[in-house]
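To start, the structure under review is shown below, and the notes come after it.
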Amino acid sequence: MIESACDFDAIVIGAGPAGSLAALGLARRGHAVLLVERESWPRHKTCGGCISGSAIAALNTFGLSDLPRTLEAVPLQRLDLRIHGVNARVDWRGGLALSRRSLDEGLVQAATRAGVQFLPKTRASVREATPIGRVVALHDSSGRERLIQGRVVVAADGIGGSSAPNDAPVEWTLARRNLVGVGAVAPSAESSLASHCLRMIADRQGYVGMVRVEGDAICIAAALTPASIRQAGGVDARVREMLAAASVEAISTEMRWKGSPQLTRRRRTVAAERLLFAGDASSYVEPLTGEGIGWSMWSGADVVPLADEGIRAWTPSIEQRWQRMTTTTRRRRQLMCRVLTRAIRQPTLSRLAVRALSTQPFLINTLTWSRQASLGASRWSPAR
Ligand SMILES: Cc1cc2nc3c(=O)[nH]c(=O)nc-3n(C[C@H](O)[C@H](O)[C@H](O)COP(=O)(O)OP(=O)(O)OC[C@H]3O[C@@H](n4cnc5c(N)ncnc54)[C@H](O)[C@@H]3O)c2cc1C
């Protein structure tokens, strides 16, 4: 089809942090960009709403350092841990709490201000490559299909995404003992949870995190084994069971849970001709450390120079370089996540760690700072 012209320089699929920042970066380089999102907008996303230091650094790199303040993000100052029956409260300047509805809406607005065309309520699926571009089928809410073409496609459609074409099919390698994600936001719910405090509760079958985000709403997210959800008789019952076991009072409001598929995974092929996968769509480790948003933002930033080069002239070396970069950064950034997520499942180890944190609170900040110092080094400027 369409061999004569491209409708856009870049078509970006998925308006999460990876997609919005990739679209923004490409628009700032003077390209015509379409950002396609399947949900009606703004939307709630299953997420704990904790914005880490590396996410804040990514926003700064894009000249968006004011965005969290504008959106009334809440600075986090304390960590309240209840893990395998041991409790600890530590001072921790670990980032910000902000609902994904607000954050993602703010990022899309920044992208549209830079000239990105935004198309919500439209599901995209990637089709064949042509000599000049990549075909994308757009399906609107009434099921109508429209074919368009971009010189390059960035698929940032998350772990639940389904946009892959035949030459780069969805081939996820899933972790053996996997968890599923669930989340909800309770507007102005009654709870003893203090503002500025991240509460984490863990048992052998998963963990729950709670924070107050903008407007005093409570954002609650959990990663749980499917078996424990079944045993408890559903997500709501399972989360309430964990809160009760940790002596945390239940949230008064009824929670409307949204779920995600099995979490820990990586995609074997993250690039094909004129197609690059970014953010969670390329790989994912459990959300325990609250690094997912930051990681996706940097992935959205990193894809820009390669997509930019591909828009001008596509070469197979772009695919190879993106495959290499994604593998290297995934290994480096996610090693710590793996260590932590495994440790938290070991009651004896995590009890010792929680006791160490309650007597030596500087440990948590040392750990967080050293990780953040290793992130974001030698970055390009997306606004060049
Ligand atoms: C339970 C849980 C708690 C978490 N808590 C935190 C936390 O506190 N802090 C943190 O940093 N990270 C957290 N994460 C991780 C974080 O949510 C993700 O890493 C981050 O959202 C990934 O961003 P992304 O842009 O890659 O993908 P997403 O944010 O998933 O965005 C993908 C977008 O693509 C859209 N889409 C999908 N398919 C299509 C299609 N075919 N066409 C068009 N659009 C499509 C989706 O609707 C979605 O809007 C958590 C995750 C889970 C599951």
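The values are calculated or read from the model by the stated rules, or taken from the named source; none is laboratory data. All values reported here derive from a predicted model rather than from experimental measurement. Using ideal geometry, Cβ is built from the backbone for each residue, glycine included, and neighbour counts are taken over all protein chains shown. Surface areas here come from the heavy atoms of the whole protein model, side chains and all, with no ligands, DNA or RNA. Shrake-Rupley method; radii C 1.70, N 1.55, O 1.52, S 1.80 Å.
Observations, loosely collected:
- For segment 10-25, the Karplus equation 6.51 cos²θ - 1.76 cosθ + 1.60, evaluated at θ = phi - 60°, returns couplings of 9, 10, 10, 9, x, 9, x, x, 5, x, 5, 6, 4, 4, 4, x Hz by residue, with Gly and Pro reported as x.
- Working note: Karplus 6.51/-1.76/1.60 with θ = phi - 60° gives segment 94-107 the couplings x, x, 10, 10, 7, 5, 5, 4, 6, 4, 5, 5, x, 5 Hz, where Gly and Pro are set to x.
- Solvent-accessible heavy-atom area per residue, rounded to whole Å², over segment 57-130 at 1.4 Å: 44 Å²
- Segment 231-315, accessible surface, carbon-and-sulfur percent (1.4 angstrom probe): 48 percent
- Top positive-direction residue, dipole computed over segment 29-118 with Cβ charges, set G94, Q109, I56: G94
- Carbon/sulfur fraction of accessible area - segment 86-129, other protein chains in place, 1.4 Å, %: 42 percent
- In this structure, the amide hydrogen of F118, modeled 1.01 Å from its nitrogen in the peptide plane, lies closer than 5 angstrom to those of L35, counting only residues at least 5 positions away or on a different chain.
- Dipole in debye (nearest 20) - segment 252-319, about Cα centre, beta carbon charges: Lys, Arg +1; Asp, Glu -1: 260 debye
- Contact order normalised by residue count of segment 73-228, Cα under 8 Å, 6+ apart, percent: 25 percent
- Shape of segment 68-128, Cα gyration tensor, a/c cut at 1.5: oblate
- The Kirkwood radius of segment 111-216, taken over pairs of alpha-carbon atoms, gives through the Stokes-Einstein law at 25 °C and 0.890 mPa s a diffusion coefficient of 134 µm² s⁻¹.
- In terms of accessible area, using a 1.4 Å probe and ignoring ligands and nucleic acids, C219, C47 rank largest first as C47, C219.
- Given a 1.4 Å probe and the protein chains as shown, H44 ends up with an accessible area of around 50 Å².
- Cα-based shape type of segment 1-87, given that a ≥ b ≥ c are square roots of the gyration tensor eigenvalues and the cut on a/c is 1.5: prolate
- Loop GluC sites (Glu not before Pro), segment 36-128, which have at most 16 other Cβ atoms in a 10 Å radius of their Cβ (DSSP): E39, E72
- For segment 70-127, size of Cβ-based charge dipole, Lys and Arg +1, Asp and Glu -1, in debye: 280 debye
- Overall form of segment 138-291 per C-alpha gyration tensor (a/c, 1.5; a/b vs b/c): prolate
- Residue separation of R240 and H196 scaled by 0.36 nm, minus their Cα-Cα distance, works out to 13.6 nm of gained length.
- Per residue value of the accessible surface for segment 189-268 (all protein chains in place, 1.4 Å probe), Å²: 44 Å²
- Check: segment 210-262 dipole with +1 on Lys, Arg Cβ and -1 on Asp, Glu Cβ, in debye: 240 debye
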